[in-house]
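I have placed the structure first, in the form of structure tokens, so that the comments after it can refer back to it.
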Amino acid sequence: MKDKLKDFFKKDLVQYILKRVLMFIPTLFLISVLVFIVIQLPPGDYVSAHIAALQSEGEYVDADYAADLRAEYGLDQPVVVQYLKWVKDIIWTPTDSAFYRLNHSHHNWKYSFYYGKNVWSVIHDRLGLTIAVTSVIMIFQYAVSIPIAIYSATHQYSVFDYIFSVIGFLGTAIPNFILAIVLMYLSYKWTGNANVGLFSQDILANGINWGNFGDFMKRMIIPIVVIGTSGTCGIIRSVRAQMLDELGQQYTLTARAKGVKESKIVMKYCFRAAINPTVSGLGGILSSLFSGSTVTAMVLNMQIQGPQLYNALSSQDMYLAGAIVMVQAVLVVIGILLADIILAFIDPRIRYSGGTR
Amino acid sequence: MDKDTILKVSDLHVDIKMLEGKLTPVRGVNFEIKRGETLGLVGESGCGKSLTCKAILSINDKKCRSTGSIIFNNEDEGEIDLLKLDPKGEKIRDIRGKHISMIFQEPMVAFSPMYTIGNQINECTRLHITKDRKKSKEISMEMMRKVGIANVEKRYNQYPHEFSGGMLQRALIAMALVCNPSLLIADEPTTALDVTIQAQILELMKELQKTYNMAILFITHDLGVVAKMCDRVAVMYLGKIVESGTAEEIYANPQHPYTRGLMGSVHKIGGKKTERLFSIDGTVPLAMNLPKRCGFYDRCDVRIEGLCNNADPELVTTDGQHQIACFACKNEACQKMRKEAEKRIVLEKTAGKEA
Amino acid sequence: MSKRKKTQEDYYLASQWTLMARKLKKHKLAKVSMIVLAILYFGALFADFIAPYNINSEFPAAYKDTHPTKIHMYHDGEKVGPFVYGVEWVVDKKTFTRSIVEDTSEYFPVGFFVKGDDYKLFGLIPCNIHLFGTKTGSNGSPASSARIYIFGGDQYGVDLFSRVMKGSQVSLTIPFASAIISFFLGVTIGSISGYFGGAIDIVIQRIIEVIGAVPQIPLWMALSAAIPLGISTIKMYFYMTIILSFINWTGMARIVRGKFLSLKNEDYVMAARLSGVSTWKIIWKHLVPGFMSYLIVSMTLGIPGSIVGETSMSYLGLGIKSPATSWGVLLHDASNVTDIATNPHKLIPIIFVTITVLAFNFLGDGLRDAADPYK
């Protein structure tokens, strides 16, 4: 048994995956530092923001109250101590704390002044929908772009190749929130309805289930087009270039000289090799999806994380803003990790070299 | 066609369409290969050797168009003109790998890095011999053993990056020979290997040729390799064959100035220390919009002004198997061609004046 | 020597930059893009002169949300050359909706180099000549009573064309300035990472990876929280530039590091080090010029992202804010869909953003092809 375990850990693939997972930890640490810096960025701390808010509502606040608050939140401590406490609170809050009793949660992401709730429950509200929207768009991107890319590469310089190339270029170059504005304008002109991205109360309350999936997809059409276009075009461009590269490789010639069918050459040799950079770009695509959907969601009135982030920022609700950025970054990093692991499975070279890319 | 002849290439042209115009790197190549013999195709880089042999299998790039005829004399199916077949069709695919196979210059890139060596060799077996997985695997492994790969059970499941260059070339040979082809095209199979490995591979090829009685079209620019391997030699320059004959003849009595230049540029054991190696001046011209003249005219040291730059010499048989395309050679056949050409030029000139 | 030989020799002797310029000239789209960008930047430089009005001056309320001014040729059936009419508000007695109609009693010829609002050219030279504008009316009314708004007016009656011109000064220069800052940041940090290697390299690489992993626009938005409220336009401009550079340097640093790793063991670097050249000088004199072309390509391709960044942040109201103007601010004014449905001319700034982004992309693509001069 012990020997079996030892053998298991000696395998290239296992070692590679372990290495990648271990590298995930310092990355998480750095992300948390970055987010903490972002939270600390605005002039003043959130107690002063809180007090300013109270004062604007006409309440009288004395100096002692502020000092007490600062002491309670540990804001009088050095920054490093504050950081450590913040991280510790996110990971684990003791059961006897006020936060736990109020929220029955071990994860204290601090308090959102704008929503009047703890940060985690605010994020949690929209996280599911955000992930659903992002994954639907991502699946759409791959499903549309890869067949087009293969077609374009195998029919280089054909009419369709030119058309797809032009569309692909425009799609990557035109900022998607601009596409959103134009599309919204057009849909308003034609249908008189501007709330293209709004989800139904059912979806917002109960999340996505089989009953409302059709409705959800219907409402996703414009967001898919707007947010998905640039990514789709990007994948088309990169897969096409990669495929052309592979089609010119010596081993396609070898395969042809063996008498292998042309379609099999394309799928078995070229596509398999071309899919690698596409998979390794998964993290980047996820990142650009979050990026693109943020502004677009504002334009289209979609109830995902983008508008939340905007509200948090415009009301200086920094713990919430930081938490949203952090959740997105962690999702991207998980995407990168997954991509690396998938790559290790499909590309023997990476396993072999131990992932030193 | 002679029953002994396995492949006859006549008047093969390969054009490449480019933005700037039409490139013709192969301009009328003629040769034939007999069963079981080795023909060496020699020439410097860019003279059209590789295009010629890829044209035989119709695996040239889409931009290339081949014309002429390439007759393949299949033992059971008779004569087939390979150029007339659809390059993507089933018929030519059945010939590729099964009757005619090819090994490439750089074994490092001839295998896809994504699949095991075994998978890629076995693909060929399964395509052409048997669909039975177990049997085909056995056949493939047997072939790997024959080309001298040790520890086949383990090697079969390894990836190309786990092989050395020499081993990869052995694997490539195994892949080419697994279906027992009657013609093997070897496109500079040893250029990318170091000298000791090179010798081993050549030895292996010779051995296997004997066992399977196959013909080899051996493409190289290395005259040493030619001497070791080939029965007959064809020298190619600028898309044409300029001289061909048995290896002894070509080595002992090179006639064409280009062949002589090639021979002169090789180290000789026992040569004088102070002697400089001969080199041919100039570079190969680009095969685009070539004027009607001898391709070697610019670089030739025995050129005849007024003749060589006005007519393109054809390949004529001098004696036995020796063929030469040159006006300046002293033998009878060449002189006859020269006289005809001179007559034609005079005629053309007067016709031009009258017009 | 034959002509072909001569051109061949030329080719081998030409410097890397000559070759690049030569290849770029062949790339038609890149050439067109370069011309387009030159026009846009030229326009930004002379924005105050090209714009017919100074956007900080008073604007008549009658021009609120006005559609692009019609330029007429015939007045009362008589050809008088290009001119415009003044406008006035008419309230429908039944529906109480207001509409803008032309006042055809008096016409105002349109001309070039006319006197108009005062401005300071380049912020220095006081001037009041504008590229085009209206002249004194046929009945003697002052030129300013009829206005030429070729892109229409915004919700305060300000000429949209003048705002687009003025906005280009911000929208075109912030990305450019941030590209230059990221260039220096990227080269410095990347070269430190590549030249010294070891622990520094590992830390820097991790940082780059993390910054790369955080979605760009959310991070930009979050960083914009650091901008203090109520600061001057110039300071705002400065902050925006810094925020945009904060992300873009990473790509540059990665290229520089990669090149350094491959170049630092070259003999000529060793020779320079042995003759006592300082590390700083080796980096900037011996190493960077070797892959400058790649850096310029990456810089050019980074600019469109920054333009989108600035525009989207200003669009959300997190970046440049009114009264300062940029293309993003103009789009911010056009964010109400019912408003743009009746006033579609407010979408015109989109065309400018798109053209600029496209042009930079094409140029970057052309440069990328050209950067490989022997291909």
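Suppose only helical runs count, i.e. DSSP H with n ≥ 4. What mean residue ellipticity at 222 nm does that imply for chain B under -39500 (n - 2.57) per run, divided by all residues and rounded to the nearest 500 deg cm²/dmol? Mind showing how you got there, number by number?
On the way: 12 runs with 123 residues, N = 355.
About -10500 deg cm²/dmol.
Were the residues from A:Ser158 through A:Val21 laid out at 0.36 nm apart, the gain over their Cα-Cα distance would be 44.9 nm. For chain B, the fraction of C-alpha pairs more than 39 angstrom apart is 20%.
Between the beta carbons of A:Ser263 and C:Thr338, assuming R0 = 35 Å, the FRET efficiency works out to 0.10 to the nearest 0.05. Taking packing as the residue-averaged number of other Cβ atoms within 10 angstrom, the listed peptides A:289-300, A:144-155 run from highest to lowest as A:289-300, A:144-155. In this structure the amide hydrogen of C:Tyr156, modeled in the peptide plane, comes within under 5 Å of the amide hydrogens of C:Asp65, none closer than 5 places in sequence on its chain. In summary, chain A shows an alpha-carbon radius of gyration equal to 1.22 times the 2.2 N^0.38 Å reference for compact globular proteins.
Calculated on the Cα set of the range C:172-371, radius of gyration then Dmax: 19.8, 72 Å. Ranked by the mean number of other Cβ atoms within 10 Å per residue, highest first, peptides A:221-231, B:79-89, B:159-169 order as A:221-231, B:159-169, B:79-89. On full extension, the segment bounded by A:Tyr65 and A:Leu41 gains 6.3 nm, given 0.36 nm per residue less the C-alpha separation. Measuring nothing but protein heavy atoms, the accessible surface of chain B at 1.4 Å probe radius is 50 percent carbon and sulfur. Each chain gives up part of its surface: A and B jointly bury about 2500 Å² of accessible area, both sides summed, for a 1.4 Å probe.
Mean per-residue shielding of peptide A:153-160 is 0, counting Cβ atoms of other chains within 10 Å of each Cβ.
Annotation for A:Ile342 and C:Tyr41: the two label points, set 7 Å from Cα along the Cα-Cβ direction, are 4.0 nm apart. Annotation: for a label point projected 7 angstrom from Cα along Cα→Cβ of B:Lys135, residues of the range B:167-187 with backbone N closer than 19 Å are B:178-181.
When Lys and Arg each count +1 and Asp and Glu each count -1, what net charge do the other residues less than 15 Å away from C:Phe83, Cβ to Cβ, add up to? So the surrounding residues net to -1. In the context of the full set of protein chains, the protein assembly as shown has a per residue accessible area of 48 Å² (1.4 Å probe).
Rounded to the nearest 10 degrees, what's the angle between the helix B:332-354 long axis and the longest principal axis of chain B, both from Cα atoms, 0 to 90? Once rounded, the angle reads 60 degrees. For the pair the range B:305-333 / the range B:28-51, the C-alpha centres are spaced 19 Å from each other. Taken as Cα centroids, the range C:202-261 and the range A:284-357 sit 16 Å apart, rounded to the nearest whole angstrom. On chain C, 64 percent of the accessible area sits on carbon and sulfur atoms, based on a 1.4 Å probe.
Excluding the site residues themselves, the longest part of chain A lacking any GluC sites (Glu not before Pro) in a DSSP loop with at most 13 other Cβ atoms within 10 Å is A:60-357. What does DSSP give for the protein assembly as shown in terms of the percent of beta bridges that are antiparallel, rounded to the nearest 5? That works out to approximately 75 percent antiparallel. For chain B, the longest principal axis of the C-alpha atoms and the axis of helix B:195-212 are separated by about 80°. Counting only other chain Cβ atoms within 10 Å of each residue's Cβ, the peptide B:120-132 averages 2.
Helical content of chain A, expressed as a calculated mean residue ellipticity at 222 nm, amounts to -25000 deg cm²/dmol (DSSP H runs of 4 or more residues, -39,500 (n - 2.57) each, divided by residue number, nearest 500).
Comparing C:Leu274, C:Pro52, C:Phe183 along the charge dipole axis of chain C, the residue lying farthest to the positive side is C:Leu274, per the Cβ-charge model. Normalising by residue count, the range C:101-203 has a Cα convex hull of 154 Å³ per residue.
Take each residue of peptide B:168-177, count the partner chain Cβ atoms within 10 Å of its Cβ, and average: the result is 1.
Site pair B:Glu153 and A:Val79 shows an inter-label distance of 6.4 nm when each label is modelled 7 Å from Cα along Cα→Cβ. Run the Debye formula on the Cα coordinates of the protein assembly as shown, all scatterers equal and no solvent, and tell me log10 I(q)/I(0) at q = 0.04, 0.05, 0.08, 0.09 1/Å. For the requested q values the scattering log ratios are -0.32, -0.49, -1.03, -1.18. Summed over both chains, the contact between C and A buries some 3700 Å² of accessible surface at a probe radius of 1.4 Å.
Of the listed peptides B:312-320, C:347-355, what is their order by residue-averaged count of other C-beta atoms within 10 Å, with the highest listed first? Intermediate values should be presented prior to the final figure.
Numbers: B:312-320: 16.0, C:347-355: 19.0.
My ranking of the peptides, most packed first, is C:347-355, B:312-320.
Normalised by 2.2 N^0.38 Å, with N the number of residues, the alpha-carbon radius of gyration of the range C:50-159 equals 1.13.
Distances longer than 18 Å among the Cα atoms of the range A:12-119: what percent of all pairs is that?
62
Using a simple spin-label model with pseudo-atoms 7 Å out from Cα toward Cβ, B:Glu354 and B:Glu77 lie 5.2 nm apart.
Using Cα-Cα distances under 8 Å and only pairs 6 or more residues apart, what relative contact order does the range A:12-119 have, in percent?
14
Since only A:Pro94, A:Ala66, A:Phe24 are under comparison, the one whose Cα sits farthest along the positive direction of the charge dipole of the range A:12-119, derived from C-beta charges on Lys, Arg, Asp and Glu, is A:Phe24. Distance between the C-alpha centres of the range A:136-152 and the range A:223-265: 11 Å, rounded to the whole angstrom.
How far is helix A:79-91 tilted off the main Cα axis of chain A, in degrees rounded to 10, range 0 to 90? Relative to chain A, helix A:79-91 is tipped by roughly 70 degrees. Summing Cβ point charges (Lys, Arg +1; Asp, Glu -1) relative to the Cα centre of the protein assembly as shown gives a dipole of roughly 2660 debye. Of the residues in the range A:283-320, those shielded by at least 50 Å² of accessible area once partner protein chains are present, compared with the chain alone at a 1.4 Å probe, are A:Ser291, A:Val295, A:Tyr310, A:Leu313.
The values are calculated or read from the model by the stated rules, or taken from the named source; none is laboratory data. Here the structure is a predicted model, which means the values were calculated and not measured. With ideal geometry, Cβ positions are generated from the backbone for all residues, glycine too; neighbour counts draw on all protein chains shown. Side chains are part of the model used for accessible areas, which takes the heavy atoms of the whole protein and leaves out ligands, DNA and RNA. Shrake-Rupley method; radii C 1.70, N 1.55, O 1.52, S 1.80 Å.
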